[in-house]
Amino acid sequence: MNNDQVSSAVNSGSNNLALILFIIFMIVAVFLILFISTALFRNIYFKKNTIFLENLKVQLQRDATKNKDAIQKCAILAKNEKTFEPICDSLKVKNTDITTMKDNILQHSFKIKSIIEEKKWLKAFKGKQELKKLLLDYSKEKANFNKIAEQFEIGWKIIDDVFTNYLEIVDYYKDILNKNKVITSNLNAELLDKVQKLAKRLSELDNSKYKGQFSQADKKIDELRSRLADLNNLILGASRIEYYLYNSLPNKLNNAIKKEKQDKIVQEYKKINQVLDEVTKNWTNYDSEKLASNIKLIYMEYWKVFHNVILLQKIDKFLKSIAKDLNLVYSNRKKLYNEVAKVTSKLNKAYFNLEAKAKALNSNKILDVKKNTQDFIQATKDFDIAYTNIKLELYRNGKVKIERENSIKKAIEIYFNVVENDFLYEDEIITRIKAEIINQYETNIKKYKSWAKHELVWNDFIHNLTFLTNAIATNEKYYQMYSEICIEVASNEKFLITNEKINSYKEYIQQIRIQIQQNNNYKEAYNSLKRFLIKEKYVQ
């Protein structure tokens, strides 16, 4: 054997030895890992089951206490209602069985705990499986016990929960009333009495559980819930109610009665005051919704009269400013009547009606001024129609020659009333037509006396005069509608209950007032306000 062969044999032997040593090392490492893992798993298993057994012991004690409590409740019920005696007997029998099972479970748990302390994993596992079977039987028996106890336990718990929760709310209300007794001095005693009555009803509800009156408890709870909700609205809104009933409304009405000179209006305020006195006297008989509704109604009636007076004063001022013109209108109609009356009596009815309406214009009662003026204007229109028809008839019959000057005078009278009218608003069309009619009057009607000249512009002049008259009537109508919607919004407590809505409304109404000062267009103002209220969901 040469040197190379010897060297090769030595190297081969070394490699085999290293491989054998590596395999031995890996086998030892695997066994070591398995040993450590098994030991770790067993420790985790023992620890987990030790905790389980401790929790089980606590749970069994809780169940025992709960069962004992249920039996005691049943015993109380049985004293007041004999029908619960069989239920109590069943519970006691079931509880005896459950107690026996519980003791067996605890004994078995103690054995398992001892096995765990001895670190006997397999025995502990078998013991746990046996314990699970015992717990399954225990759970079934406990479920049967609970099913029997449910006949009164659920109702009992509901009453307990309602009593506890509502009693806390009652105490909270008492605290609020004590803190606010100065602010709500006129309401405090009555509200406190309502709280005491509610507390008494709560005690009655609580007592009903001892008598087993669970079926009637639902109705009592619904009644208490309703009374509590109503009382909540009254107490939390007491400061506002106090302000409305004993401060704001009385002051407004008393001041209005003192300042107002018109007896009929004073009587309107006094009627509202009587309603306020009635509500103030009997508010404890109302629920919160009805009380709020009555307060709102009083406010609405007050603002309705208040703004109506302002409106009537403006109308009265305007009508008095044109009183001479109205009397002149009547005088001219009287001349026309006297002229026609010589020939025919067909105009008598229209004239006598106009005469009666003209006399009514002298009334100083502000509430009647508007109606009297409207009646007079209508009577004038009726007279003019009747007069025109008779004039045409007489003209055709050749009995009377109607002078055109009368028509011109009448048109001129209306012209001056129209162009200076407070309700003539400004827009592109009105401004153009007003300029046209003024130009027609200044350059023709006023300048010339000849009908031949007047006839050139007469139809256009009358057309423009009619258009402006209708525009005035329309603007006056929208002025009334605008005023009425302002009254309604000002008296709407729910709409103006937040500062955000109040500020938004005030800002917008100020813009509208500036707009009115600029163009006097109440139709535009009314539509603008209506769009705002629709946007704010005040109206649909």
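Remind me, what semi-axes does segment 421-536 give for its equivalent ellipsoid, largest first in whole Å, using sqrt of 5 times each Cα gyration tensor eigenvalue?
Taking √(5λ) for each eigenvalue gives 42, 12, 9 Å, largest first.
In whole Hz and in residue order, list the ³J(HN,Hα) couplings for segment 86-91 that follow from phi through the Karplus curve 6.51 cos²θ - 1.76 cosθ + 1.60, θ = phi - 60°; x for Gly and Pro.
x, 5, 4, 4, 5, 5
Would you list which lysines come within 19 Å of K47, measuring only between C-alpha atoms, while excluding same-chain residues fewer than 8 positions from it?
K57, K111, K113, K119, K120, K123, K126, K128, K132
Give me the number: length gained by fully extending Q515 to F416, i.e. 0.36 nm times residue separation minus the C-alpha to C-alpha distance, one decimal in nm.
Taking 0.36 nm per residue and subtracting the Cα distance, the gain is 33.1 nm.
Taking every Cα atom in segment 193-254, find the radius of gyration and the maximum pairwise distance Dmax, and write them in Å.
Final numbers for Rg and Dmax: 17.3, 58 Å.
With θ set to phi - 60°, apply the Karplus curve 6.51 cos²θ - 1.76 cosθ + 1.60 along segment 184-199 and write out the HN-Hα couplings as whole Hz, x wherever there is a Gly or Pro.
Listing the rounded values in order: 10, 4, 6, 9, 4, 4, 5, 5, 5, 5, 4, 5, 5, 5, 5, 4 Hz.
Based only on other Cβ atoms within 10 Å, what is the fewest-to-most ordering of V418, V182?
By the 10 Å Cβ count, ascending, the order reads V182, V418.
Going highest first, how would you order 55-68, 327-340 by mean Cβ packing within 10 Å?
Final packing ranking: 327-340, 55-68.
For segment 181-314, report the translational diffusion coefficient in µm²/s to the nearest whole number, using Stokes-Einstein at 37 °C, 0.692 mPa s, and a Kirkwood Rh over Cα pairs.
This corresponds to a translational diffusion coefficient of 190 µm²/s.
Arrange F416, F461 by Cβ neighbour counts within 10 Å, fewest through most, would you?
So the residues, fewest neighbours to most, are F416, F461.
When the Karplus curve 6.51 cos²θ - 1.76 cosθ + 1.60 is applied with θ = phi - 60°, which whole-Hz ³J(HN,Hα) does each residue of segment 67-76 get, with x for Gly and Pro?
Those phi angles translate into 5, 4, 5, 5, 5, 5, 4, 4, 5, 4 Hz.
With an 8 Å cut-off on Cα pairs and a minimum separation of 6 or more residues, tell me the relative contact order of segment 181-314 in percent.
About 25 percent, as a whole number.
Read-outs: derived from the displayed coordinates by stated rules, not from any lab. Quick caveat: nothing in here was measured; it's all calculated off a predicted structure. Here the Cβ is made from the backbone with ideal geometry for all residues, glycine too, and neighbour counts use every protein chain on show.
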